[in-house]
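What follows is one structure encoded as structure tokens, with my remarks underneath.
The values are calculated or read from the model by the stated rules, or taken from the named source; none is laboratory data. Small disclaimer: the values here were computed from a predicted structure and weren't measured. Cβ coordinates were reconstructed from backbone atoms using ideal geometry, including for glycine residues, and neighbour counts include every protein chain displayed. These area figures cover heavy atoms from the full protein model, side chains too; ligands, DNA and RNA do not enter into them. Shrake-Rupley method; radii C 1.70, N 1.55, O 1.52, S 1.80 Å.
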Amino acid sequence: MRGNFVCQSYAVGLVAFILCFATEGFAQFQAPTQDELKMTADPKYPDAAAVYLNYEKKTDNMVGYESVYARIKILKESAKELATVTLEYPKSEGFAGIAAIQGRTIHADGTIVALTMKPQDLTEIKTANAETRRMVFNLPSVEAGSIIEYYYQARLEEHEGIGEAHWVMPPQWDVQRTFPIRKERFWFQTHRGNLGSSLLWYTNLPGAQRLKPNASGQFELVLDDVPPLTEEKWAPPIASRRFQVDFYFESAVSEQQYWDETGRWWLKNMNRFAEASGALKQAASSLITPGDSDLDRARKLYVAVQALDNTDFSRKKTEAERKREGLKSTKHAEDVWIQKSGDGEEIALLYLALLKAAGVKAYPMIVVNRDRGIFNPDYLYFNQFDDVVIVLSPSDGKEIVLDPGEKMCPFQMVSWKHSGAGGIRETPSGVGPWATPLLPYSTNVVVRRAELTVIPDGSVNGKLQFSMSGQEALRWRQESLREDEDALKKGFDEWLRTQVPSGVEAHVTHFAKLDDPSADLAAYATVSGIPGTATSKRLLLPASFFAHSEDQGFIAQPDRQLPVDMHYASVYKDGVLLHLPAGLAIESAPPATAVPWTGYAVFQLKSIPSGNDLTITRTLARAFTLLQPNDYGSMRDFYQKVNAADQQQIVLTSSTTAPKGN
């Protein structure tokens, strides 16, 4: 569903409106009905663990407050987490504190347990975002069957120079949630104190509804029976599909005018930072060789910037530390090169500056990360963008998207979140919208090898070897930057549990090429356990020793509502060598199997006996990344056939009673 955007400038007269900030008497809690008390499931959404009976959010810029009221029926134990209520506001200008809190828990028998808490008792928790303040409170005695009800009110800070209280950051309305909502209301009062800018709002609402203010500058949205967010495996990010309304201040007359002006402003800033200074020209000259092609120059410069300290993956120095070490604030790419450190965007722009200094044509691009959202040109808000990538335009070939700000990302590859990602970029003719290409399956390969000795009781022991290129290698290399060796091995062991059969344990012993993104990453592990079943006459072993987890959920899910997003195309190649016990022969092994899905994927399985050994090879190549729901039936059929082949067994029997076979 596509959202819509509205732009309107206001000169709204002040409305006389008095708000009492008393700590009592401002919230009118509702008496629950007998049906609500007795409810054990929502008839329309029987699987829902909770249901919002009422939700209301009000923001008043004229007087300076924001309030939230909610009444929620807890239907299952898993929804008791809703008893912890999180309040999140910006630390910057606009938020002046919590004025009041009320809450209570009503049990199924009508017993009421009141929340005894004052605003000063709120628990503040740390956040990764330094600009955000997050506080929580907990409703008491919550259990399945309870109704929780709460209200809180935030004061808004008076802005200097205006003389009126107002909300610097306009509200965001989360219209759709994880649980169904029976009735909700949102209300927003704006005023003339919009800092001389225009108020814009982006909407994505049921039935493509549009939102308009009344003559007094009031917005109101009342909805009944809002369905819960659809949750399906391998779905696009929630932010790209949930019902929502975002208000924000931005000067714009039209979509075209906004992106033209914003694009020029952005490119000016990029070029100012990525200036090819004399020092950078000298640096580039020392890194390349006369006669290098554009691609060779780009590769050598890429290796140089990748070697710098990327503070997105390490601790960024505080201002006090920088001052003590005599480091300047980072204003230009040259500063990043001199200090040998910068965040991902700064390193990407340093790379752009070095390319310019080396005479290689390249352009900056800023994208919405695909793991978080999708670029929406209707949403006239530059802050929807995340990261900068570089589009290389060598004289001897086609354009290549590079990801120098992504630590450990190989040359000529990008992180999957930057593939198929929309945004704006510089072009030879200016700035315009663009989307990076999706990754081909050949760039993301996982090779899994096992050499196993089979014991007559059905147990196995042996060694595993994994070889990875592309996204899996990038994931583990970046994990190694964040974790010490023990933590990395622990995490890899947890992943190994998803790769081997139930009843089998695998433990990584060491890695190879962990710090060399130009090479395939290798991991070595030991393995032991009982994947098979022994009877009095036979030994049964799984044909496919390695699991393939990406199809989980598809086989059991007959229908699909949302598009499929597999993140990136890939190839898995498996080879398992089984050393069979003396005295046992192969009664049957899986026949050669091929499952083609033309243009999308292919699966192959082979068994190759040799003396008292059996080799099983398995390949699953998936060329698609994104799939629409109307193609889901074909995809599910493919995975059902793959699963049927994987479920086959190797049957071993006494060599004195049964001949070898295939």
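So here's what we get for this one:
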| quantity | calculated |
| --- | --- |
| Listed peptides 369-379, 592-602, 29-39, 453-463 by packing density, highest first (mean Cβ within 10 Å) | 369-379, 453-463, 592-602, 29-39 |
| The chain: Rg to Rh, with Rh as the Kirkwood radius over Cα pairs | 1.02 |
| Positive-end extreme of charge dipole, the chain - chosen from VAL226, LEU301, PHE179 (charges on Cβ) | LEU301 |
| Paramagnetic reach from ALA279 in region 359-403 [backbone N under 18 Å; point 7 Å along Cα→Cβ] | none |
| 24 Å Cα-Cα reach of LYS91 towards lysines, excluding residues that sit fewer than 8 places from it in its own chain | LYS57, LYS58, LYS118, LYS126, LYS316, LYS317 |
| Label-point separation in nm, THR311 to ASP515, each point 7 Å along Cα→Cβ | 2.3 nm |
| Per-residue [θ]222 nm for the chain (sum of -39500 (n - 2.57) over DSSP H runs n ≥ 4, rounded to 500) | -5500 deg cm²/dmol |
| Gain on full stretching of the segment that runs from PHE624 to ARG497 - 0.36 nm per residue minus C-alpha separation | 43.1 nm |
| Percent antiparallel among DSSP beta bridges (both partners in the chain, rounded to 5) | 90 percent |
| Relative packing of peptides 441-451, 341-351, 383-393, 422-432 - highest average C-beta neighbours within 10 Å first | 341-351, 383-393, 441-451, 422-432 |
| Relative contact order [Cα under 8 Å, 6+ residues apart], the chain, whole percent | 10 percent |
| Whole-number percent relative contact order across region 294-448, with pairs defined as alpha carbons under 8 Å at least 6 apart | 21 percent |
| Solvent-accessible area per residue for the chain (1.4 angstrom probe, square angstrom) | 46 Å² |
| Carbon + sulfur, % of accessible area of the chain - ligands and nucleic acids excluded, 1.4 Å | 49 percent |
| Protection proxy ranking, peptides 568-578, 474-484, 209-219, average beta carbon neighbours within 10 Å, highest first | 568-578, 474-484, 209-219 |
| Separation of alpha-carbon centers, region 588-603 and region 35-84, rounded to whole Å | 49 Å |
| Cα-based reach from LYS233 at 25 Å (exclusive), listing lysines while leaving out same-chain residues under 8 positions away | LYS44, LYS76, LYS80, LYS417, LYS573, LYS641 |
| Ratio Rg/Rh [Cα only; Rh per Kirkwood] for region 172-269 | 1.04 |
